[in-house]
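The values are calculated or read from the model by the stated rules, or taken from the named source; none is laboratory data. Not measured: the values here are computed from a predicted model. Cβ: placed from backbone, ideal geometry, glycine included. Neighbour counts: every protein chain shown. Heavy atoms of the whole protein, side chains included, go into the accessibility calculation; ligands, DNA and RNA do not. Shrake-Rupley method; radii C 1.70, N 1.55, O 1.52, S 1.80 Å.
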Amino acid sequence: MTAAVATPTAKPTKAGPKRSKGAPLLGLVAWIVGILFFLPVAWMVLTAFHSEQDAATNPPSLAAPLTLDGFREFFGATSGASPWPPLINSAMASIVSTLIVLALAIPAAYALSIRPVRKWTDVMFFFLSTKMLPAVAGLLPIYLIAQKAGMLDNVWTLVILYTSMNLPIAVWMMRSFLAEVPVEILEAAAIDGAGLITVLRRVIVPVAMPGIAATSLICFIFSWNEMLFARVLTGVVAQTAPVFLTSFVTSQGLFLAKVCAAATAISLPVLAAGFAAQDKLVQGLSLGAVK
Amino acid sequence: MTAIAPPAQKPASPERKPTAMRRTGDWARRAPLLPALVFLIIVTQLPFVATLVISFMDWNSLYPDDRGFAGVGNYADVFTDATLRKSVITTIVLTVAVVLISLLLGLAIALLLNRAFRGRGIVRTLMIAPFLVVPVAAALLWKHALFNPEYGLFNGILTWLFGPDAPQPDWITEAPLWSVIASLVWQWTPFMMLILLAGLQSQPLDALEAAKVDGATPVQMFRFLTLPHMRRYLELGALLGSIYIVQNFDAVFTLTSGGLGTANLPYTIYTTFYQAHDYGRASAAGVVVVIGTIAIATFALRVVSSLFQEEEGRA
């Protein structure tokens, strides 16, 4: 695949699959399917803007007046707990761990693609195999170690764990992206006597920027979404947004509009980033196999 | 996990030619790899070794004085424990169902979206949304806003369509596992669709056109050209999907709290450790999960190895 990708023949496909006889009807089917899949999200957002009373009706009220009460509740205007500390914790754990992942994964991918170490496929499989180790199997020792080290309820514990959680996939993705860097550029750099750091910083990183963006996006999404570690290892101080969201429901009984407002607000960063960088997402998810 | 036997390897990658780049030794090659490798071994492998040790101990944090060596006692418990055996089956059913259904749906939708039609970009954006909603938020949304028998959207739609006498099922109680599966399929179909769409768009057009000129039917073209080309993408989707869905915690935790026969292994281990405080037994269960995963992973890695085939040239 990757070999073929570089050739221009693969390109035109993206531009335009041809229209055939059944096209209008199948286009309609695609629209219906798309709307069906989007419906729950739309419903979440709509309910978030409804009053509690209008949210809990059967049949559902589409024309009910819109209100910001749910969001006001969530952001703590009327209730006690502020969502800002958890949101900041989530942002910090996700962004910092993503940066560390990149710092570790790019050199590793270099060693696995551009000047491959011997047995590089074995190393690749090792990386992937760590993803298959169920998180719960290491959870208890991690909990005990964090407890001993006084690192329970500490964002940095999550940063370390999220880094290890995303590193294997990031190495796989970055390897595929780096494998696309033209050999000529690297040879030119080598002849100019550039060292590893210089080559990475001045040559590879700029060329592989789209791949780096895709990798970052996916690491960010998985970290922002993570709940098991966050739930077990954090308490009050380092609580993340997903954990806050669940406590939001249980501690106060069910308020549908408020829960939907909270769910919408917490999903917003990922939704925005994902919508903005759809193509990057596609590339990243296919582990860079497609350009 | 180090135990995984990698699939039979092709001979180590051919060395690159330029001599300028070969001058430095093996260690210079390895150096950039080491930070990532060392970090990952420390953070993922060492805790597992500790889990292994604890699994042979009597250790319940509620009775700190009774800590001691248990031999294989915990393992005996694990294998005779009906709850745990059931959660193994639940995990398998859940993973296979979600991966298969979302893969098939994802393929169908990717085929639809690979055609030109008005608003294709918008439809793709709509489709992606479920994958981007935070999983816990998605689970809460399904539980309270969609499945709720009193005012959930699903029953609301039934009332809309069939009037006040419409059936009003209590989805989660009546079909707990399927409720979890439905919400996960909704979240993972877009993921599969994205991977498969990428595969479809990388399919060289000329072969398809040549086949068309030769009078191949669309079905034949799909069966003999598209499907073989898509194999790697289907495998990739199945592999990544399985890795994440076997470990699913959020949906089970939120939708049913593991009740009504939906407790999967991660959830069961979580409760053994977090609520029963039985560290030894939770660890033994964790080790059993890992052994099971190794079996599946060894198989899966063989499958993924096909991902390397076409890349050999470069490396």
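Being open to solvent by 10 Å² or more (accessible area, probe 1.4 Å) and closer than 17 Å to B:Tyr270 by Cβ is the filter here; which residues of segment A:226-242 pass it?
Passing the criteria: A:Glu226, A:Leu228, A:Phe229, A:Arg231, A:Thr234, A:Gly235.
Scan B:Thr95, B:Thr83, B:Thr91, B:Thr51 and give me the residue that is β-branched (Val, Ile, Thr), touching a residue at least 60 places away in the same chain (Cβ under 8 Å) and within 9 Å of chain A (Cβ to nearest Cβ).
Values: B:Thr95 fails: within 9 Å of chain A (Cβ to nearest Cβ); B:Thr83 fails: within 9 Å of chain A (Cβ to nearest Cβ); B:Thr91 fails: within 9 Å of chain A (Cβ to nearest Cβ).
Only one candidate qualifies: B:Thr51.
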Looking only at segment B:267-281, count how many residues are without any contact (Cβ under 8 Å) to a residue 40 or more places away in the chain, over 22 Å from the mean Cα position of the chain (by Cα) and open to solvent by less than 20 Å² (accessible area, probe 1.4 Å). 1
Would segment A:110-122 turn up any residue that is open to solvent by 10 Å² or more (accessible area, probe 1.4 Å), touching an Asp or Glu at 6+ places or on another chain (Cβ under 6 Å) and of a type in the set (Ser, Thr, Tyr)? no
Mind listing just one residue for me: the one in segment B:250-297 that is aliphatic (A, V, I, L, M) and part of a loop (DSSP other than H, G, I, E, B) and, of those, farthest from B:Phe147 (Cα to Cα)? B:Ala276
Go through B:Ala129, B:Ala138, B:Ala145 for me and flag whichever is more than 7 Å from every other protein chain (Cβ to nearest Cβ) and not charged (D, E, K, R). B:Ala138
I'd like to know if segment B:157-164 contains one or more residues that are open to solvent by 30 Å² or more (accessible area, probe 1.4 Å) and under 21 Å from A:Ala257 (Cβ atoms). yes
Top-ranked residue of segment B:252-266 - restricted to ones that are facing chain A (nearest Cβ under 10 Å) and more than 12 Å from B:Lys86 (Cα to Cα), ranked as surrounded by the fewest Cβ atoms within 10 Å (Cβ to Cβ): B:Phe253
Any residue at all in segment B:82-94 that is modelled with pLDDT of 90 or more and either over 16 Å from the mean Cα position of the chain (by Cα) or closer than 27 Å to A:Met44 by Cβ (or both)? yes
I'm trying to understand the selection: among the residues of segment A:97-130, which are at the interface with another protein chain (Cβ under 7 Å from one of its Cβ atoms), closer than 26 Å to B:Ile294 by Cα and among the small types (Gly, Ala, Ser)? A:Ala105, A:Ala108, A:Ser129
When every residue in segment B:222-251 that is within 10 Å of chain A (Cβ to nearest Cβ) and of a type in the set (D, E, K, R) is compared, the one nearest to the chain's Cα centre (by Cα) is B:Asp250
Evaluation of B:Trp178 against (1) crowded, with 21+ Cβ neighbours inside 10 Å; (2) more than 7 Å from chain A (Cβ to nearest Cβ); (3) touching a Phe, Trp or Tyr at 6+ places or on another chain (Cβ under 9 Å) (one fails), failing number: (1)
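Would you please name the residue that is nearest to B:Leu255 (Cα to Cα), looking only at residues in segment B:200-221 that are part of a helix (DSSP H, G or I) and within 7 Å of chain A (Cβ to nearest Cβ)? It would help to see each step written out before you state the result.
If we filter segment B:200-221 for residues that are part of a helix (DSSP H, G or I), which is where we start, we get B:200-201, B:205-213, B:218-221.
Narrowing the set further to residues that are within 7 Å of chain A (Cβ to nearest Cβ) leaves B:201, B:205-206.
Working: B:Gln201: 36, B:Leu205: 45, B:Asp206: 48 Å.
Restricting to residues being part of a helix (DSSP H, G or I) and within 7 Å of chain A (Cβ to nearest Cβ), the top hit is B:Gln201.
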Selection from segment A:134-160 of residues that are under 20 Å from the mean Cα position of the chain (by Cα), open to solvent by 10 Å² or more (accessible area, probe 1.4 Å) and within 7 Å of another protein chain (Cβ to nearest Cβ): A:Ala135, A:Ile160
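Name the residue, out of B:Ala129, B:Ala70, that is under 28 Å from B:Asp278 (Cβ atoms) and aliphatic (A, V, I, L, M).
Values: B:Ala129 fails: under 28 Å from B:Asp278 (Cβ atoms).
Sole residue among the options that is under 28 Å from B:Asp278 (Cβ atoms) and aliphatic (A, V, I, L, M): B:Ala70.
With the structure loaded, tell me whether B:Asp58 is open to solvent by 50 Å² or more (accessible area, probe 1.4 Å), away from every other protein chain (no Cβ under 13 Å), in contact with a Lys or Arg (Cβ under 8 Å, 6 or more places away or on another chain) and farther than 19 Å from B:Thr254 by Cα or whether it fails that test.
On the way: open to solvent by 50 Å² or more (accessible area, probe 1.4 Å): yes; away from every other protein chain (no Cβ under 13 Å): yes; in contact with a Lys or Arg (Cβ under 8 Å, 6 or more places away or on another chain): yes; farther than 19 Å from B:Thr254 by Cα: yes.
So B:Asp58 fits the description; yes.
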When you go through (1) under 30 Å from A:Phe222 (Cα atoms); (2) open to solvent by 30 Å² or more (accessible area, probe 1.4 Å) one by one for B:Gly241, which number turns out not to apply? (2)
